[in-house]
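The values are calculated or read from the model by the stated rules, or taken from the named source; none is laboratory data. Everything numeric here is computed off the predicted structure, so don't read it as measured data. Cβ: placed from backbone, ideal geometry, glycine included. Neighbour counts: every protein chain shown.
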Amino acid sequence: MPQDIVFSFFLVFAGAMVLATFALFTRQPLLIAYIALGAIVGPFGMGWIEHPDELADMADIGIIFLLFLLGLDMQPSALFAVLRKAMLVALASSLVFFAAGFALTQAFGFSTMDSVIIGLAMMFSSTIIGLKLLPTTVLHHKHIGELMIGLLLIQDMLAILVLILLGVLEGGSSMPVWQPFIALPLLAVACYLLVKGVLLPLIVRFDRYHEYLFILAIGWCLAVAEGAKLVGLTHEIGAFIAGVTLATSPIAQFIAISLKPLRDFFLVMFFFALGARFNLQLLADVALPAMLLALLVLVLKPVSFRLLLGRFSERRELAWDVGLRLGQISEFSLLIGFVAVQSALLSEQGSLLIQATAILTFVISSYIVVFSLPNPIAVSDKLRRD
């Protein structure tokens, strides 16, 4: 039976209203309320929403808008500087996280291929959790925001490489491994030229029509996101490039303010879909390894980033701050697990382990940040920063 989209939206947002109110009264992070709602009404809970994947596809738009808004506040010169500094840290930390995930799953008797893919999934941190819980003023105007964006972008490129390699192992990918790394600078240059030659003249000519500027911004974001996907990158990287190339526009801040409600609308759906797709009935099969793997991630990632960033002249406080904010696995980890299962490279148990670890690290790292670091949804007035 087709899923009623209006009823689904009613459950998502009316339910989010109720649980978010309860979360605020009990001083809990709002993200936890959205994930819990998905688990309650999803196919493995009450079953009121039978096909959460349909909502998840729409929820991905929220991630695209999030990256677009980040790009709008990132000047190209600052981006290049921070990418150079973050490169070694991102590569070294990824190797550490891969080795730890591989070793732990081998100890629990998973197959070598399962352990390799689970190790790969442990390499990445969540763009959404990391940046959603970073204050806007810090994200846009301070070094920690630039550094986190640099680390996450490099991780995104590594994730693309992993996805290509999985396609090669399956025999279903015709894309050369080097293609995304050639496509990235070419796409950036093409977008820069289009902004200078087409978008900026249109903005100057029609800057009085706010509705037109709003539509132009969304169209540009989604057009570049789709173009990036066609050349072997991801929608998210394309959206970020669209934002960076438009950052010098005089209306960049107007666009950023206009799109924030739209971004938050889709991000609520993302966390809801994350909870709804988690099979609680099979959790007992991987409960112990999932808890230990989550604990490993929650401890190892902050410590590794603290040591690696400290080695490259970052202040101790900043290094700890970055490490705690990136102390979880990523939405890319879930995608890697899904692709590997579809390619028959990962067992169902291995996929469930990745999902359980993602949920646990998302939840616990959110608590750590919300209760100990400045963030927009802190329950303490002292830590709340918009």
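Here is how the numbers come out for the structure above:
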| item | result |
| --- | --- |
| Residues located in the stretch 246-257, provided they are part of a helix (DSSP H, G or I) and modelled with pLDDT under 85 | Ala252, Gln253, Phe254, Ile255, Ala256, Ile257 |
| Meets criteria (within 17 Å of Ser125 (Cα to Cα) and touching a Lys or Arg at 6+ places or on another chain (Cβ under 8 Å)) for Gly337 | no |
| Matching entry among Phe278, Phe332 (being over 26 Å from Ser93 (Cα atoms), touching a helix residue (DSSP H, G or I) at 6+ places or on another chain (Cβ under 7 Å) and buried (at least 16 other Cβ atoms within 10 Å of the Cβ)) | Phe278 |
| The listed residue being more than 16 Å from the chain's Cα centre (by Cα) and surrounded by 21 or more Cβ atoms within 10 Å (Cβ to Cβ), out of Leu353, Leu326, Leu288 | Leu353 |
| Residue selected from the stretch 350-364 under the condition of a type in the set (S, T, N, Q) and touching a helix residue (DSSP H, G or I) at 6+ places or on another chain (Cβ under 6 Å), by the criterion farthest from Leu283 (Cα to Cα) | Thr361 |
| Selection status of Gly323, of a type outside the set (A, V, I, L, M), touching a residue at least 40 places away in the same chain (Cβ under 8 Å) and farther than 20 Å from Ser115 by Cβ | no |
| Positions within the stretch 268-281 being out of contact with any Phe, Trp or Tyr (no Cβ under 6 Å at 6 or more places or on another chain) and at pLDDT 80 or above, in sequence order | Met269, Phe270, Ala273, Gly275, Ala276 |
| Residues satisfying the stated conditions in the stretch 1-59, i.e. of a type in the set (S, T, N, Q) and more than 22 Å from Ser380 (Cα to Cα) | Gln3, Ser8 |
| Within the stretch 29-51, considering residues that are farther than 17 Å from Ala358 by Cα, in contact (Cβ under 8 Å) with a residue 24 or more places away in the chain and not hydrophobic (A, V, I, L, M, F, W, C), the one surrounded by the most Cβ atoms within 10 Å (Cβ to Cβ) | Gly42 |
| Selected residue (criterion: nearest to Leu30 (Cα to Cα)) from residues of the stretch 254-264 that are surrounded by fewer than 21 Cβ atoms within 10 Å (Cβ to Cβ) and either of a type in the set (A, V, I, L, M) or in contact (Cβ under 8 Å) with a residue 24 or more places away in the chain (or both) | Asp264 |
| Matching residues in the stretch 112-137 - criterion: being in contact with a Leu (Cβ under 9 Å, 6 or more places away or on another chain), modelled with pLDDT of 90 or more and among the hydroxyl-bearing types (Ser, Thr, Tyr) | Ser115, Ser125 |
| Qualifying residue in the stretch 265-275 (condition: surrounded by fewer than 22 Cβ atoms within 10 Å (Cβ to Cβ) and farther than 24 Å from Ser330 by Cα) | no |
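To keep it simple, each residue is scored yes or no on (1) assigned to a helix (DSSP H, G or I); (2) hydroxyl-bearing (Ser, Thr, Tyr); (3) buried (at least 23 other Cβ atoms within 10 Å of the Cβ).
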site	(1), (2), (3)
Leu300	yes, no, no
Val303	yes, no, no
Gly310	yes, no, no
Leu318	yes, no, no
Asp321	yes, no, yes
Val339	yes, no, no
Leu345	no, no, no
Tyr367	yes, yes, no
